Amino acid sequence: MTNLETFTLTGIAIPTDTAHILNEIAEHFVEHSEVERGETTVVLSSEYGRVETRAVDGRLLIEIACPTAELLEAIRTVMAEHLFMFAGDEPLELTWSDSTQRQALPDLHEVTVVSVMDITPRMRRVVFDCADPDPFLGGGFHVRLLIPPKNRTPVWPAPRPDGRIAWPEGEDALAVRVYTIRAVDPDRRQLTVDFLQHHDGEHDAPGACFARDARPGDRLALLGPGGGGVPPGRRVLLAGDETALPAIARIAAEAAPETTITALVEIEDDRERQALPSTAHLDVRWLVRDGRPAGAAGLLPEAIAREMAIMEEAAYVWVGCGKNEARIVRKSLKACGHDRHAMSIAAYWQP
């Protein structure tokens, strides 16, 4: 981060094994931020904030610094949830410097379906009314969709004193999935989300099922935004399969006119091609699987390697795909010495 670090928070965690928790933090967040590992410290740094965790006398001292209050709350929640996950069945105490009980999650937005349409055979678009779309402008493309059970009044989550989220349970339990805000219309106060549909509706993910059955007036909520944004630099390589196509489309739409973008997009067949409006210099190349399984065709890693070999100038490399292919791409870029600060490689799904 820069000198914009103006919002800070400290916490104290008391786990059974501080070394184990530090190792888990360092290993887990390496795909999401820059990690500095010391003997008794782990520092996580990204454009969204800085988190330093130090082991002192059997405790973990946590210091969070972020450019906005919303990001501070989001990172507090992420750290709290992961600390308890890393502790597993072992006891863990976690307290924060602001001991006042928060009454509501500051980044929860209730939205209502306005319209639904298919833009390709496998991509369904849902437009939502949102009372305050301003937080979704600019950086932070991703949200957690909170999908309530059908035919029940939604019950939304609330904050817990330890920083975690208290989720509704039983008949009020929510389905939670991460999606990309494809577009924001602040004048109409609307948000657009594109949902990838699968062939077998019986095994669709909750988000795909919601989009398939959505009707105007349906309610759900969003947590966020957080993560994602237009990559920096004048030369950008975008690569991904259908799950990353909404993010690729939004990056293309919001990139500066002087940016040169090459987009490598893996799709099932030619019917899945979309128009990607952009004022940037955009070259889109569609990689068609033609019946081969997603994530197993090897199209993306091969195309990225070919493109990197002929690029005349250094590029920021942005990739969103299955976990196995993301691992291959990350390893390949590291082997060729690509600047780790000039890449974002995300696993959008697991086989």
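The values are calculated or read from the model by the stated rules, or taken from the named source; none is laboratory data. Keep in mind that what you see is a predicted model, and the values were worked out from it rather than measured. Counting neighbours? That spans all protein chains shown, and the Cβs are built from the backbone with ideal geometry, glycine included. Each accessible area value is taken on the protein alone, full model and side chains, heavy atoms only, with ligands, DNA and RNA left out. Shrake-Rupley method; radii C 1.70, N 1.55, O 1.52, S 1.80 Å.
Assorted remarks:
- The 1.4 Å probe gives accessible areas that order 167, 96, largest first, as 167, 96.
- Accessible-area rank, largest first, for 209, 336, 321: 336, 209, 321, with all protein chains present and a 1.4 angstrom probe.
- For the chain, the solvent-accessible area of protein heavy atoms averages 50 Å² per residue (probe radius 1.4 Å; ligands and nucleic acids excluded).
- Accessible area per residue was computed with a 1.4 Å probe on protein heavy atoms; residue 118 scores about 90 Å².
- Across 266, 27, 313, mean-square fluctuation computed from a Gaussian network of the chain (C-alpha pairs under 10 Å connected) peaks at 313.
- Residue 98 contributes about 60 Å² of solvent-accessible surface, heavy atoms of the protein only, 1.4 Å probe.
- Length gained when the stretch residue 23-residue 271 is fully extended (0.36 nm per residue, less Cα-Cα span): 84.7 nm
- Inter-part distance where the range 36-93 and the range 209-276 are each reduced to a Cα centre, Å: 30 Å
- Accessible surface of the chain [probe 1.4 Å, protein heavy atoms]: carbon and sulfur percent: 50 percent
- On full extension, the segment bounded by residue 340 and residue 10 gains 115.9 nm, given 0.36 nm per residue less the C-alpha separation.
- Choice from 335, 305, 166 showing the highest fluctuation, given a GNM over the chain with Cα pairs closer than 10 Å: 335
- Annotation for residue 177 and residue 63: the two label points, set 7 Å from Cα along the Cα-Cβ direction, are 4.1 nm apart.
- Relative contact order (%) - the range 1-153, alpha-carbon pairs under 8 angstrom, separation at least six: 22 percent
- Only lysines eight or more places from residue 323 in sequence, or on another chain, were considered; those with a Cα closer than 26 Å are 331, 334.
- Relative to the current alpha-carbon distance between residue 302 and residue 118, full extension at 0.36 nm per residue lengthens the span by 63.2 nm.
- Cα convex hull of the chain - mean projected area over all directions, nm²: 18.9 nm²
- Phi-based couplings in Hz for the range 171-176 (Karplus 6.51, -1.76, 1.60; Gly and Pro marked x): 5, 9, 4, 9, 8, 10
- Based on the Kirkwood approach, the hydrodynamic radius assigned to the range 181-310 is 16.5 Å, with every pair of different Cα atoms included.
- Averaged over residues, the count of other Cβ atoms within 10 Å places the peptides 78-85, 32-39 in the sequence 78-85, 32-39, highest first.
- The range 278-346-the range 138-176 distance, computed between alpha-carbon centres (Å): 33 Å
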